[in-house]
Amino acid sequence: GMMGANGMMGANGMMGSAWSGAASAPGPDASGFVAGTTAAPRLVRILATPVLRFSPDVVTVKAGETITFEVTTMGPAVHEFMVGPAADVAANKDGTPEITDIGMMQTKSLTYTFTGSGPFAFSCHAPGHYEAGMKGTIVVQ
């Protein structure tokens, strides 16, 4: 099939629960929260949906926390995931941390440390996607 191995693993394995958001590590307001460090980043799973949205589109972090974002594309469009200072993300600035070419049912990851108070954001800059609203907000606590 098109992505036989990957797709099967996703459907039957750990990623199945990721679609409900259940597999992200607990956030700062949840019981069991452990702040991510560079040695042990906190996992946040994000879906890039066929309607050009990220789910979730708001992620809460502790100041200084290191997060590994696992981004999965759920439909046929190819997406990107850029994260960093909000102004750089909005401008699609060169050098801003980014994952490109996340194809259907593919998962790619990026690890980022949120130093300072922000504002921070994430977005997809595939042609037309950001303009359609494919962006999210990082809330720093």
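The values are calculated or read from the model by the stated rules, or taken from the named source; none is laboratory data. On a predicted model such as this, the values are computed, not experimentally measured, just so you know. Using ideal geometry, Cβ is built from the backbone for each residue, glycine included, and neighbour counts are taken over all protein chains shown. Side chains are part of the model used for accessible areas, which takes the heavy atoms of the whole protein and leaves out ligands, DNA and RNA. Shrake-Rupley method; radii C 1.70, N 1.55, O 1.52, S 1.80 Å.
Per residue, how much accessible area does region 37-141 have with a 1.4 Å probe, in Å²?
44 Å²
When each pair of different Cα atoms in region 13-141 is counted once in the 1/r mean, what is the Kirkwood radius in angstroms, to one decimal?
14.6 Å
At a probe size of 1.4 Å, how large is the accessible area of E80, to the nearest 10 Å²?
40 Å²
Determine the share of region 46-92's accessible area contributed by carbon and sulfur atoms, expressed in whole percent, with a 1.4 angstrom probe. Working shown, then result.
On the way: 990 of 1680 Å².
With neighbouring chains kept in place, the figure for region 46-92 is 59 percent.
Report the local net charge at T100: Lys and Arg +1, Asp and Glu -1, summed over other residues whose C-beta lies under 11 Å from its C-beta.
Local net charge: -2.
If you consider only alpha-carbon coordinates, what radius of gyration and Dmax does region 29-83 have, in Å?
Reported Rg and Dmax, both Å: 12.8, 36.
Region 67-141: which trypsin sites (Lys or Arg not before Pro) are DSSP loop and have at most 16 other beta-carbon atoms within 10 angstrom?
Working: sites: K93, K108, K135; in loops: K93.
Within region 67-141, the qualifying trypsin sites (Lys or Arg not before Pro) (loop, at most 16 other Cβ atoms within 10 Å) are K93.
Under Stokes-Einstein, with the Kirkwood radius over Cα pairs standing in for Rh, what whole-number D in µm²/s applies to region 83-141 at 20 °C and 1.002 mPa s?
175 µm²/s
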